[in-house]
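The values are calculated or read from the model by the stated rules, or taken from the named source; none is laboratory data. Being a predicted model, the structure only gives us computed values, none of them experimental. Note: ideal-geometry Cβ built from the backbone for every residue, glycine included; neighbour counts use all protein chains shown. Heads up: the accessible areas ignore ligands, DNA and RNA and are worked out on the full protein's heavy atoms, side chains in. Shrake-Rupley method; radii C 1.70, N 1.55, O 1.52, S 1.80 Å.
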Amino acid sequence: MMNNKQLADTFTLIADLLEIKGEIIYKTIAYRKAAESLVGLSREASEYWKEKKLLEIPGVGKAIGEKIDELLSTGKLEFLEKLKKEVHPDLAAWMKVPSLGPKKIAMINKTLNITTLAELEKAAKDGKLRNMPGMGAKSETSILEGLASVGRRTGRISVGRAYPLANEIIATLKKVKGVVDAQPAGSLRRMRSTIGDLDILVAAKDSAAVMDAFVKLPRVSRVLGKGETKSSIEFSDGIRAQVWVHPPEKFGTALQYATGSKDHNVQLRQLALDKGLSLSEHSFAKTNGKGEIFCATEEEVYKTLGLQWIPPELREGRDEIQLAKANKLPKLIEVKDIKANLHMHSTYSDGTLSMMDMAKAAIKRGLKVIVFSDHSVSLAVANGLSFEDHKKQAAEIKKIQKQLGDEILILHASEVEIKADGSLDYPDDFLASLDLVVASLHSSLRQPREKVTQRLLNAVNNPHVDIIGHPTGREIPDREGADLDMELILQAAAKSGVAVEINASPYRLDLDDMHARRAKELGVLLSINTDAHSEADYDMLNYGVAIARRAGILKDDVINTWPTKKLVDWLKKRG
Ligand code: DGT
Ligand code: CA
Ligand code: ZN
């Protein structure tokens, strides 16, 4: 028997599909009202139905009442089944994308014959929407941003939450008898900033013991499926995970398949077919029926297709296969290339460790340069620094520097607020006296696009600002960033020479990979920083580097990799 939520979803679906079909809005209003009323109802509609009192439910008239009756007695609705044949039901999900209305949805669907959000995302990324009536390159960007925000609302989690959980699962599975290897796959291995579900690949001859251990993991609330090669579970917090088990001699094809992305796999399979091979998670089968090729490693999979091995972060079905074919894959930046942390905090503002302890922890991690960029005066919630505090901080930095010698260079900086009126929190002459200035937004993020974009442009064009910190202010998964014209900002940054941050905190990852890719195209300098408030935060660097790798960024594009002298000279020149 359908519950209120299911009934409401059905009526919302009807309204969405009718609008996409081109029906005038007032014809859909009754369905939306009924849906709203049903979710707010304190009793189940089925109880009203049993008492033959459906019409007592607010917002339910004769027509809707008959539909509820049909749904509750048959579990189906003839009207909806017919409607679904006219408008593909997958299109309803598009209505949740903020920048898309029913007319545009219908137009894109008709022109490109696509129905899923994934196809829409791909079309926007490939520039296939910009030439349609009423659309442009900007619409593609806003659709992609809209898709990202839909993702946030549909229960995707930060990669920073998914990874530690996956590592725990992997550690447990590795202890199971007969397990040769276990690795993350799916979006996790591709290091997307948000993860839908966790995919884990295990190499073992026999899968039964692995599957048993998997469904018995702590905090599993539901087993969604348990099979010989694949099982799925849900944890009590709603996070889902699936494990795939393959024998070691097939681990290469299996890992490649499970890593995805779907788009990448589709292209790879086509390439295989062109070579007379049918690629599956098990093997390459010769299409003439004369044998099979097994790959124990991914390198062998790509080599069989005449390709360089492609780093997982690039496997999104963009241009990576073309590049690999031409032996032109970029040599992506790596964590070990990062020598400087140019945005971090101490107990002077809201950090948890003293400057000395932060410095020692940095030395332990091989860093050559750190800056203390504690918050500026108006950010009272984070204990922003007065001029007096800065004087004390400068003196203490001098002292620490002396004690630590040339093991590490410590710079005096500030993360200065870009205030609601667009001005910076300290006057220019003070900014000029600091070694480095990070300018960031923390407040009034919801200003109109033009206003908040202009605030950022002011900072980009201030010659004393060296780095724009976490540019959009987004927080994963809950807070959308400011509504910025990022194209304008990145173009201005390319001109002014300011560096733009990829904040490595897995709850920010800001810039995201899409904007970081654009920044690189425009020749903008980038800066990857952990924004560390504690020692553990230093170890979030890999998430920021992953975003850069997904954006095709190289070592030299990122100022944190530069030799100390080059970095110091750059800072001096900027003033
Ligand atoms: P997610 O979980 O939404 O963050 O994204 P993914 O990429 O982890 O996708 P998921 O979990 O649906 O599937 C895991 C991997 O399995 C995916 O990256 C590639 C592979 N895969 C799933 N479905 C298909 C398919 O229909 N065709 C191909 N070629 N591969 C698929
Ligand atoms: Ca997944
Ligand atoms: Zn900060």
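Couple of notes before you dig in:
- Rg(Cα) / (2.2 N^0.38 Å) computed for the chain, rounded to two decimals: 1.10
- Mean accessible surface per residue for segment 434-575, computed with a 1.4 Å probe while every protein chain stays in place, in Å²: 36
- Other-chain or far-sequence residues with amide H under 5 Å of Gly384's (modelled H): Leu379
- Structure-based [θ]222 nm, the chain - -39500 (n - 2.57) summed over DSSP H runs of at least 4, per residue, nearest 500: -13000 deg cm²/dmol
- In percent, rounded to a whole number, the relative contact order of the chain is 9, using alpha-carbon pairs under 8 Å and six or more apart.
- Using alpha-carbon coordinates, inclination of helix 102-112 to the longest axis of the chain, degrees: 90
- Relative contact order for segment 157-246: 26 percent, from Cα pairs under 8 Å spaced at least 6 residues apart, divided by residue count.
- Cα pair count fraction exceeding 21 Å, expressed as % - segment 4-152: 49
- Rounded to the nearest 20 debye, the dipole size of segment 91-193 about its Cα centre is 100 debye, using +1 on the Cβ of Lys and Arg and -1 on the Cβ of Asp and Glu.
- Taking every protein chain into account, the 1.4 Å probe leaves Ile400 with about 10 Å² of accessible area, to the nearest ten.
- Relative to the longest principal axis of the Cα atoms of the chain, the long axis of helix 541-550 lies at roughly 60 degrees.
- Qualifying GluC sites (Glu not before Pro) for segment 321-411 [loop in DSSP, other Cβ within 10 Å: at most 16]: Glu334
- The tail of the calculated P(r) for segment 257-325 beyond 17 Å holds 35 percent of all Cα-Cα pairs.
- Exposure rank, largest accessible area first [Trp562, Trp94; 1.4 Å]: Trp562, Trp94
- Looking at the chain, the DSSP beta bridges with both ends there are about 50 percent antiparallel.
- Each principal axis of the Cα cloud of segment 470-573 was taken in turn, and the coordinate range along them, longest first, works out to 38, 35, 23 Å.
- Along the axis of the charge dipole computed for the chain (Cβ charges of +1 for Lys and Arg, -1 for Asp and Glu, origin at the Cα centre), the listed residues Asn560, Ser283, Leu436 are led at the positive end by Ser283.
- Whole-number percent relative contact order across segment 4-152, with pairs defined as alpha carbons under 8 Å at least 6 apart: 22
- Using every pair of distinct Cα positions in segment 335-574, the Kirkwood expression returns a hydrodynamic radius of 17.5 angstrom.
- Nearest 10 degrees, 0 to 90: helix 513-522 Cα axis against the chain principal axis: 50
- On the chain, 52 percent of the accessible area sits on carbon and sulfur atoms, based on a 1.4 Å probe.
- Amide H contacts of Leu409 (H built 1.01 Å from N, under 5 Å, at least 5 apart or other chain): Val369, Ile370
- Per residue accessible area of segment 189-280, 1.4 Å probe, in Å²: 43
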